[in-house]
Amino acid sequence: MGLYGRSVHWLHMSALPTAYIAFGSNLSTAAGDPAATIRAALRALVTALGVEESRLHASSLYATTPVAYRDQPPFINAVASVGTLRSPERLMAMLLEVERLFGRERSAANGPRTLDLDLLLVDGLVLTKPGLVLPHPRMAERRFVLEPLAEIAPGLVHPVLGRTVAELLAVLPDEGEQARSGVRRLGRAVGW
């Protein structure tokens, strides 16, 4: 069995479904400050998936102001894409395990966190299951997700809204929590 439980007789490597994952941190971990934590989480994901580093494509790191709950440190965010045959459910379970490795405790919604990993999209898949909704239901409303996603996949089409990531970013209001000034590109997330 292969692709999401279906039998796969032959699949060219370039045809692997692509998963897009958001990374966020605003608390230090044993790996270091939030930027070091994101970098370590990217490496941990490569290890968990058992893929070569070159198969994971990461955006730059971005410093972002908190959304919703504002009384907390700024976040460091990034987005990565990776081709995988793992089902979205299995991939989500792996992401939760990586979060736990970095000390993630789910206490307050939108509160400070050591590491937050969100499965944003898996190609054009639309899915609603307990604990997993694809595409991520709030991704189109979040500059801290769209900016790094647009860096690595500006032409990616949101399967429900029918707009590219670049188009979603362009129509996002430049005010309040979504102001452009609240997201600042820092530099490369990974050196591979």
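Throughout, read-outs are computed from the coordinates displayed, never taken from laboratory work. Computed from a prediction, not measured in an experiment: that's the story for all the values here. Please note: Cβ atoms are built from the backbone with ideal geometry, for glycine as well, and neighbour counts cover all protein chains shown.
Summed over qualifying helices (DSSP H, 4 residues or more, each -39500 (n - 2.57)) and divided by its residue number, the chain shows a 222 nm mean residue ellipticity of -7500 deg cm²/dmol.
In this simple spin-label approximation, ARG90 and ARG180 carry label points 7 Å from Cα along the Cα→Cβ vector, and these lie 4.3 nm apart. Highest GNM mean-square fluctuation among ALA109, ALA19, ALA166, for the chain modelled with Cα contacts below 10 Å: ALA109.
Relative to the compact-globule estimate of 2.2 N^0.38 Å, the Cα radius of gyration of the stretch 129-192 comes out at 1.20. Membrane-span-like helices of the chain, defined as complete DSSP H segments with a Cα extent of 18 Å or more along the helix axis and a mean Kyte hydropathy of at least 0.5, are identified as 34-49. Using C-alpha pairs under 8 Å with a sequence gap of at least 6, the mean separation divided by the residue count of the stretch 84-192 gives a relative contact order of 17 percent. Comparing mean-square fluctuations of GLY83, GLY124, GLY162 from a GNM of the chain with C-alpha springs under 10 Å, the top value falls on GLY162.
Model label points for ASP123 and ARG43, set 7 angstrom from Cα along the Cα-to-Cβ axis, are 3.2 nm apart.
Computed from phi, the 3J(HN,Hα) profile of the stretch 23-32 under the Karplus parametrisation 6.51, -1.76, 1.60 (θ = phi - 60°) reads 10, x, 7, 9, 10, 6, 10, 4, 6, x Hz, with x in place of Gly and Pro.
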